[in-house]
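Data block below; observations after.
The values are calculated or read from the model by the stated rules, or taken from the named source; none is laboratory data. Everything numeric in this text was worked out from a predicted model, so none of it was measured. Every residue, glycine among them, receives a Cβ derived from its backbone with ideal geometry; neighbour counts consider all protein chains shown. Heads up: the accessible areas ignore ligands, DNA and RNA and are worked out on the full protein's heavy atoms, side chains in. Shrake-Rupley method; radii C 1.70, N 1.55, O 1.52, S 1.80 Å.
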Amino acid sequence: MKRSMTRGRWWGAGVAALCLWLAAAGGAQGGEAFATLEPKTSREGYLARLLINEVPFPGERGFVSEEDTRTAMREVLWVLHGRTKLVPAGYKQEEVGGTTGTNVLDFITARRQCEGFMRDAQGGLAMEARVEARVEYLLKLANSGSKPGRFANLLNYAQDLAKRYFAEGMTEADVFAELTSIGGVPVTGRPYSWMAGQDIYHPGGSFVRIPDSLRGLLGGNRFFTLQRKDGTQ
Amino acid sequence: MSSGRMASGQGWAMVLATSALSLVLSAATWGAEEAAAAAGQTAAESPAAPLTETPSADAAATESLNPPAAVLDPEYLEDLAVFLYWWYLDEEDLDLGDRKGFVFRVRRLRPEADEADHSEWAEIRLPAFKLGVVVKRPDYVIEETGDAVKGKMFRIVNLFRLDGTEDGEQETDGWQRVDLSLPDMLEEIYARYEHRRFPDAELTERLHRACRRAMNLDVNGREAGDQVMHIAPLSDVANEAWVYLENQCLLLQFTTDRDIEEPGGDPDGADMRVRGYNLLEDTITTPEEIPGTTQYMTMDQAGRALYNCLVLGKRLIVLNPEDAQETPIVKEFVVGRQ
């Protein structure tokens, strides 16, 4: 009796170990997802989707590295934050962000600003179908395989960034915070615009292109700061 | 650098540590505009002094500083000139002056990459066009699917204007110069009209699927009548396809990091990014109208895209019969070809 109980205990331990190993190997397919996002109509989920929409993932044109994409997300958020809370002296808020507002969602959904994002007829947060279609595809990739990879890392990063922003405000370092002059032009520092796609175009207004030597190209986006208007050097 | 494979706690610590290190090292990641840019900048412009690499006597290290051989190939550079001529060049850009030769300045770039990413990058400047490009030949694996993203050629990932100060730049820091004959270059550009290349059936079907998925638009949908679309020629230097849907007045751009003509990838085209511009609503004369927007294209940009789609492109007419059971009729037409 005693011998069979011992054998049974070892057998049970072995089965348990096997189950644990299978669970680990099965990953998202059988258990908890590697990456999740808040609902798209929540402010955290909406902001995360904006950040995801503006940057390249592996396999997409403009992708450099995971870190480059993360930095691009942070700087896109800095642009939105700057338009909301850090309008430089000499500028009106609508000159910088195309509208007035008190939070980043106002600037994301501002008419004719962030392509693919808007408010619906009831004033709710809305986006083009293709934005969500891509997010679904990225989530599918992120939650495939046996362990989390770059897709999961980047999606989770976007969501964490959005959550922390609404909970704590802007706590991330800004790559462009210390800029004071570009090509002899006094600038405000901080990014106030980005342009996706080819770098041959300019967003107009008083935006000043941040060159490659100052990391102005991130995630396939060119970032712009503003000319200083307060008369200081 | 973590590629995201580590378990959570340890992995995040490594990622953060590596990120901090890469921020310091990446001050000169792209290494662009060194001397000319530095001349126009104050110390306050650079958050950290950029690090530069000193070429070593070691042959392998020296070799790694040279531009990739593929981007020094005259045929490749001709392809690039043709593409820029068709898509971007205008009379303000063309600066032939007293030039007899057509100069390309080329150098290798080495941005900080993820572990196991062996992609190659280069920068190419064309002073006569006042344009420069950054090109990439990808070489990495998407771990989640096992798909290899491995390009055969260097394709444009960024394009920028030159301000003219680069023309007299010394060939230092890895720059190499390639001189081609200007008359031959122009002759090649004009001759290319006869050698346009278009998506084959497999790629066309992938574009359809990507369009259907991204835009919720089925260009072969059962709306009866003609569906007319114009497909711009492909290029070996650009990983993109442009299609103009006449009925919807919609200009579509498809991009990817993998060779767009390479079969494979997601069967629904989900790995292609699709951007649509409604030319009735999404065009402006100048970005000055709406500073800071990411939504619009200028009429000049639209005009050039339409030139490539309608004049240089292939017209596809899909005739959807009234009876949905009948097979659509597809007609193709390319200007200059019967």
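When B:Glu120 is tested against the conditions (1) in contact with a Pro (Cβ under 8 Å, 6 or more places away or on another chain); (2) buried (at least 22 other Cβ atoms within 10 Å of the Cβ); (3) of a type in the set (Asp, Glu), the lone failure is (2). Restricting the search to the range B:231-250, which residues are open to solvent by 10 Å² or more (accessible area, probe 1.4 Å) and in a loop (DSSP other than H, G, I, E, B)? Residues satisfying the conditions are B:Pro233, B:Leu234, B:Asp236, B:Glu246, B:Asn247, B:Gln248, B:Cys249.
Identify, from the list B:Glu288, B:Glu261, B:Glu281, B:Glu326, the residue that is in a helix (DSSP H, G or I), charged (D, E, K, R) and not assigned by TED's automatic domain parsing to the domain that holds B:Leu89. Show your work before the answer.
Working: B:Glu261 fails: in a helix (DSSP H, G or I); B:Glu281 fails: in a helix (DSSP H, G or I); B:Glu326 fails: in a helix (DSSP H, G or I).
Among B:Glu288, B:Glu261, B:Glu281, B:Glu326, only B:Glu288 is in a helix (DSSP H, G or I), charged (D, E, K, R) and not assigned by TED's automatic domain parsing to the domain that holds B:Leu89.
Apart from one condition, A:Gly189 fits all of (1) open to solvent by less than 10 Å² (accessible area, probe 1.4 Å); (2) in contact with a helix residue (DSSP H, G or I) (Cβ under 7 Å, 6 or more places away or on another chain); the exception is (2).
Name the residue that is farthest from the other protein chains (Cβ to nearest Cβ), counting only residues in the range B:240-270 that are among the charged types (D, E, K, R) and closer than 25 Å to B:Gln227 by Cα. Lay out the reasoning, then the answer.
First, the residues of the range B:240-270 that are among the charged types (D, E, K, R): B:240, B:246, B:257-259, B:261-262, B:266, B:268.
Subsequent filtering for residues that are closer than 25 Å to B:Gln227 by Cα retains B:240, B:246, B:261, B:268.
Values: B:Glu240: 7, B:Glu246: 20, B:Glu261: 14, B:Asp268: 8 Å.
Filtering first and then ranking leaves B:Glu246.
Scanning the range A:140-172 for residues being over 21 Å from A:Val76 (Cα atoms), open to solvent by less than 40 Å² (accessible area, probe 1.4 Å) and either more than 7 Å from chain B (Cβ to nearest Cβ) or assigned to a helix (DSSP H, G or I) (or both) gives a total of 3. Across the range A:129-139, the number of residues qualifying as at the interface with another protein chain (Cβ under 7 Å from one of its Cβ atoms), surrounded by fewer than 20 Cβ atoms within 10 Å (Cβ to Cβ) and of a type outside the set (Gly, Ala, Ser) comes to 1.
Answer yes or no as to whether A:Val64 is touching a residue at least 40 places away in the same chain (Cβ under 8 Å), within 14 Å of chain B (Cβ to nearest Cβ) and part of a helix (DSSP H, G or I). I'd like the intermediate steps shown before the answer.
Details: touching a residue at least 40 places away in the same chain (Cβ under 8 Å): yes; within 14 Å of chain B (Cβ to nearest Cβ): yes; part of a helix (DSSP H, G or I): no.
Against the criterion (touching a residue at least 40 places away in the same chain (Cβ under 8 Å), within 14 Å of chain B (Cβ to nearest Cβ) and part of a helix (DSSP H, G or I)), A:Val64 does not qualify.
Would you please name the residue that is farthest from the other protein chains (Cβ to nearest Cβ), looking only at residues in the range B:291-315 that are assigned to a strand (DSSP E or B) and surrounded by fewer than 19 Cβ atoms within 10 Å (Cβ to Cβ)?
Filtering the range B:291-315 down to residues assigned to a strand (DSSP E or B) leaves B:297-298, B:314-315.
Within this subset, residues satisfying the condition of being surrounded by fewer than 19 Cβ atoms within 10 Å (Cβ to Cβ) are B:298, B:315.
On the way: B:Thr298: 8, B:Arg315: 25 Å.
Among them, the one singled out is B:Arg315.
Residues in the range A:173-186 that are surrounded by fewer than 23 Cβ atoms within 10 Å (Cβ to Cβ) and outside any loop (DSSP other than H, G, I, E, B): A:Ser181, A:Val185, A:Pro186.
Pull up the range A:192-230, narrow it to residues that are at pLDDT below 90, more than 24 Å from B:Asp300 (Cα to Cα) and in contact with a Pro (Cβ under 8 Å, 6 or more places away or on another chain), then point me to the one that is least open to solvent (accessible area, probe 1.4 Å). Going through the qualifying residues, I end up with A:Ser213. For the range A:36-66, the set of residues classified as under 26 Å from B:Val141 (Cα atoms) and among the small types (Gly, Ala, Ser) consists of A:Ala48, A:Gly59, A:Gly62, A:Ser65, listed by residue number.
Right, A:Arg112: facing another protein chain (nearest Cβ under 10 Å), in contact with a Ser or Thr (Cβ under 6 Å, 6 or more places away or on another chain) and open to solvent by 10 Å² or more (accessible area, probe 1.4 Å) or not? So that I can check it myself, show each step before the final result.
Details: facing another protein chain (nearest Cβ under 10 Å): yes; in contact with a Ser or Thr (Cβ under 6 Å, 6 or more places away or on another chain): yes; open to solvent by 10 Å² or more (accessible area, probe 1.4 Å): yes.
Here the answer is yes, as A:Arg112 does meet what is asked.
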